[in-house]
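Bear in mind that the values in this text are calculations on the coordinates, not laboratory data. Just so it is clear, the structure is predicted and the values come from calculations on it, not from any experiment. We place every Cβ from the backbone using ideal geometry, glycine too, and count neighbours over all the protein chains shown.
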Amino acid sequence: MENKIKKFLINNVVPIFMVIIILLSIPISGLSIEYLIQEIILRLSRNLFLVLSLLIPIIAGMGLNFGIVLGAMAGQIALIFITDWNVVGLQGFFLAVIITLPIAALMGYVGGIVLNRAKGREMITSMILGFFINGVYQLLVLYGMGKVIPIKNEAILLSRGHGIRNAIDLKNIRRALDDGITFNIGQYSIPVLTILAIVLLCLFIVWFRKTKLGQDMRAIGQDIEVSKSSGIAVDRTRILAIVISTILAGIGQLIFLQNIGTMNTYNSHEQIGMFAIAALLIGGATVSKASIPNALSGVVLFHTMFVLAPRAGKELIGSAQIGEYFRVFISYGIIALVLILHQWRREKEKEAERKRILEMNSNQAGGN
Amino acid sequence: MNNIKTMLKNAGWPRIIITLFLLSMYVVSPFIGINLKSALGDTLVRFGMNAILVLSLVPMIQSGTGLNFGMPLGVEAGLLGAVISIEMGLGGFMGFAGAIIISIPFAVLFGWLYGHILNKVKGGEMMIATYIGFSSVAIMCIMWLVLPFKSQDMIWAYGGEGLRTTISVESHWHKILDKVLHMPNDMLPLGEMVFFAILAFGMWIFFRSRTGYAMKAVGTNDKFAKATGINIDKIRVKSVVMSTVLAAVGIIVYQQSFGFVQLYLAPFYMAFPAIAAILIGGASVNKVTIVNVVVGTFLFQGILTMTPSVVNNIIQTDMSETIRIIVSNGMILYALTRKEGAGSGK
Amino acid sequence: MDKVLLKIEGLSKSFGENVVLKDINLEVKPGEIIGLVGENGAGKSTLMKAIFGMPVISETGGYGGKIIFNGEETNFKSPFDALAVGIGMVHQEFSLIPGFKANENIVLNRESTANSFLEGFFGERIRRIDSKNIEERADNAISQLGIEIDPNTVINEMPVAHKQFTEIAREIEREKTKLLVLDEPTAVLTEEEAKVLLETMRRLSEKGISIIFITHRLDEIMDVCDTVVVLRDGLLINAVNTKDTNVNQITEWMIGRKMGESEEKTETLDDNKEIILSIKNFWVDMPGEMVKGLNLNIKKGEILGLGGMAGQGKIGIANGVMGLYDASGKVIFKGETIKLNDPNEPLEKGIFFVSEDRKGVGLLLESSIEENIAYPAMQIQGKFFKKRFGGLFNLADEEAMKENAQDYIKKLEIRCMSEKQKVQELSGGNQQKVCLAKAFTMDPEVLFVSEPTRGIDVGAKKLVLDTLKEYNLTKGTTIIITSSEIEELRSICDRIAIINEGKVAGILPPTADILEFGKMMVGVSKEGNNE
């Protein structure tokens, strides 16, 4: 019994730590519980889809996919187009989804190929890939659009005639999904369609795990060599995992942006990877194991902390700025901590395994 | 003929493309009205600014601890040294030397802790280093706001909190190395070059010492190192400390040339250009020579200097930022997708 | 006339100049259990790799001769081809997904799936896994083996024997399997478990599945095999029915007399020499070469040989003493207990080791000959350094390194362009000479050498052994040679210890009968099962 509690604590040290920090900060910040709950509902509906898109690569043993940034960029390109063509409302949103699909699939394919050439270093490679593609994205959007790619709507172009502006008002599709159908509980407004999309994704993930493809990914995630020698197409399956993840991230970014209502063409996607990953890890996921509850609790914890930190900082030390830097520190620090714990734990497990084999053999020899 | 072929194969396409790109810009520039001499001069100044930061990557690569994505840690130590030196009112060469001397104990401490963490996570160093670097920048941001500095040169004029984002060193030690040692008509930033040469020479000497040989063995083949009685963990920590200290020195040299101390989020992404530069120069995740440092820094800074002017003049648009992003990250991506030998990190 | 399942005609295989198999002819009938025996290097694993279509065979020039399976000539490019016609292989290292259950592993990549309407769009792999059917299949396979394993157990949490059985279950679950190759399956099992495995093998053969059983435990061969096939030096020495032979005969065929000169050392060491190194209750966790409670005393100034079959632990001894693998027990050097698990300790005290892993542990491939030779002496004894720049720095003395290297290049006849050449460009034999030069530069009191002549040409072999002999004679260095070649040990050692099952099975003088060596190596008990 005692061992089980100990194990639970060790496995969930990160979320527990976060809960403590949050509980301490709530009274300090002076924010009301109702306000917090409304914020949480809002941020859940806005961010959960993106965080869920991280799950499949983890199942396939490819670690934290910083390359979801690529999917986000695909979604943004789609938004530029529908804004240019002035397609509004839910139609606009779904058209954006349709345009995102092939672009994100292509990006995911490229990402998968690159990651296959960097087996064992997927995470840092996907991070750098994200930066690199960001450069290509800029090339396309800042220089190509308006010149090589025709853009009619001058409101979104820079004054020099080509290149997209940094801030685009997405008034066409603002809250298109969220306000599609709403449901009110007391004073809280719940965006039904968005939640529906998230639930569908969860069902998809659960179902996916039970397919042959999901089984193959699980096998690859544990041991590439054994999978290869049993005939599983390792490289292809890994690429599929990244493609799926990138497509989901594209859709996730669309959901995110339609809620916010404005798009920072060159910045909106940059921190996405980092925040989504921080949230997932805060929810107790690790580099090799992540589940839907991790995503859910992670988003709640991360974003609550996000909202509380500046206020708590202001009340406690008189500086909201410190609170902001503090939440940046927590985001990065948590990722560093989880990565360290994961690697360290893997070493310990390998050692323990070897010791066990040594013991088992010595017991046998003794028995002989 | 075969020799050239092997050389080209070893160099790899991205390096060849970048070199040709740079050469073509030099060739084109007189035709579009760019003063080649001043452009080269600019490149050399930037070389002097950045070379030591690139050099700081060498110890960790040699010891197999990977590319030092955690360079911000060393940079922060350097920044601490710089602001304390200004707070103490040191000026001229004393200020510069003071900044370096003060930063060293910080760098040693940070590097020591950082090295111990990296030892516990062999095989996943690069990723973790990145996030340690990021976290340290965030923590120092809080420090800059909270630490009790009083110097009028550094705090906000109208009573905001903490230190300013950029602090001018104009009156302290701006371009001090150049003032100490300079060439007629400022053709070369001689001061910085000499300083770099001294440090590079120091590194060359180090790698001919007993510890240096041990470090090379650890990075090349850790089984061999272990069988030769070398304490792998201790050597790795030493290499991390060396890299961190050099990064601290590097940022101080950078600032004295640039003219400003940049705090808060400035160091955030500083590791990436340096890493891109050394990779462009021919290094890999676990193999490097000082020639890589020199060639790489020159090529990389060359591109950064030439591209705005050349591209601007040709297509009337400033693409320099985007090109910088593509070149530096593309180079790192190339290095990460090579099949490397032993001792590679994640 | 019985139908023949597998027919091997005139099979031969070389790796470069090294001829590993010469003219093998063999027939396997359906339901037959064949025991395959031979010393290390006899060619067993190469033969199996050829049958199983391992890429390493085709990548190095393929094989000569024919392999005919079920009447058709085969030309496997990969193990998948072999699996497709019905050949299964259970290797020594388990090929299982650690976090999966037994039933998931048994059907790995052959899972039962249910129809899905999405198939048209997304292809076959989108089908849902039919867990129930999988459990049934797994239960079926396991019951065929005649043992009890809960198919829902996760591999990680299974004892080793169950993992072994799960692997076998996976192979026989394939509908087509007609021939099963088992490579040392009893190596990790207890006696009881081994008995169960042998019983399982009998059941399978009754169902018509042929089995090739590789082992060195001759009593198991006599127990369960119909035929025993003996390989030696790449040749098939004999293939007979087990009922027509006995353990002694098999041993003799295995060890036999080797070709080439075999001088035996006639002078034996003075029995009164003191003990310089004493190893007590020694356990070493070296995967594949574990040492299990070994006791051994080494006399000062002697040349001691450590022989034995592969995987029995002889390689683990030196590795454990030198701290390269986890070890426990006691090692006493010149009366002092030395620390274990710290490579620095034995090195500093004057013990040196030339590892069997020449390229991995022994050399820095991209460094020069002179650097490699000088490295340990530099690190441990501080040799080859000179004060420079007014005594400020202690830097590598390249002149001294060069001289030292040139010295050994001459003495050991290392064929190279210069002392500055990178060792990765040298041949295997010359690389080994560099490793020896490294050892001699250290001038140790006790020298462990593992597999000193493996993969080297005859001329170099002689030179290496002669040099070791000379060193021992002139400097009195105690030398412990670990080798798979008994003949080699007999030619230069004063005493030879045979290691079996991680312990010393016995110590023999070099003049002892070859059969004695053979019996110790296969672990034939003194009471003997002489049939």
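At a glance:
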| item | result |
| --- | --- |
| Cα-centre dipole for the protein assembly as shown with unit charges at Cβ (Lys and Arg positive, Asp and Glu negative), debye to 20 | 2840 debye |
| Acute angle (nearest 10 degrees) that the helix C:458-475 long axis makes with the longest principal axis of chain C, alpha-carbon atoms | 50 degrees |
| For the protein assembly as shown, the fraction of alpha-carbon pairs in successive 10 Å shells from zero, as % | 2, 8, 14, 19, 19, 16, 12, 7, 3, 1, 0 |
| Segment residue A:353-residue A:236, length gained on full extension (0.36 nm per residue, minus Cα span) | 39.0 nm |
| Region B:121-268 shape via C-alpha gyration tensor axes, a/c threshold 1.5 | oblate |
| Under 13 Å from the Cα of residue C:334 - aspartates and glutamates, other chains or at least 8 residues apart | C:274, C:445 |
| Fewest-first sequence of C:325, B:254 by Cβ atoms within 10 Å of each Cβ | C:325, B:254 |
| Using distinct alpha-carbon pairs, which all enter the 1/r mean, Kirkwood radius of chain C in Å | 25.7 Å |
| Within straight-line cross-link reach of residue C:330, lysines at Cα separation under 20 Å, skipping those fewer than 8 residues along the same chain | A:355, C:280, C:292, C:299, C:300, C:314, C:339, C:349, C:503 |
| Kyte-Doolittle mean at least 1.6, axial Cα span of 15 Å or more - DSSP H helices of chain B | B:13-28, B:125-146, B:190-206 |
| Paired Rg and Dmax values of region C:108-149, which use every Cα atom, in angstrom | 13.6, 43 |
| Principal-axis tilt of helix A:192-209 within chain A, Cα atoms, nearest 10 degrees | 30 degrees |
| Share of alpha-carbon pairs per 5 Å distance bin for region B:24-142, given as whole % | 2, 10, 15, 16, 15, 12, 10, 9, 8, 3, 1, 0 |
| Helix C:191-206 axis, angle to chain C major axis (alpha carbon atoms, nearest 10°) | 40 degrees |
| Taking N as its residue count, the alpha carbon Rg of region B:22-84 over 2.2 N^0.38 Å | 1.63 |
| Cα-based shape type of chain A, given that a ≥ b ≥ c are square roots of the gyration tensor eigenvalues and the cut on a/c is 1.5 | oblate |
| Region C:377-531, Cα convex hull volume normalised per residue, Å³ | 151 Å³ |
| Rule-of-thumb Rg ratio for region A:173-262 [Cα; 2.2 N^0.38 Å; N residues] | 1.50 |
| Bins of 10 Å, starting at 0 and running to the largest distance - Cα pair percent for region C:358-443 | 19, 52, 23, 6, 0 |
| Proximal lysines relative to residue C:22, as straight alpha-carbon distance under 20 Å, when same-chain residues fewer than 8 apart are discounted | C:7, C:13, C:44, C:49, C:66, C:258 |
| Viscosity 1.567 mPa s, 4 °C: Kirkwood-radius Stokes-Einstein D of region B:12-336 over Cα pairs, µm²/s | 64 µm²/s |
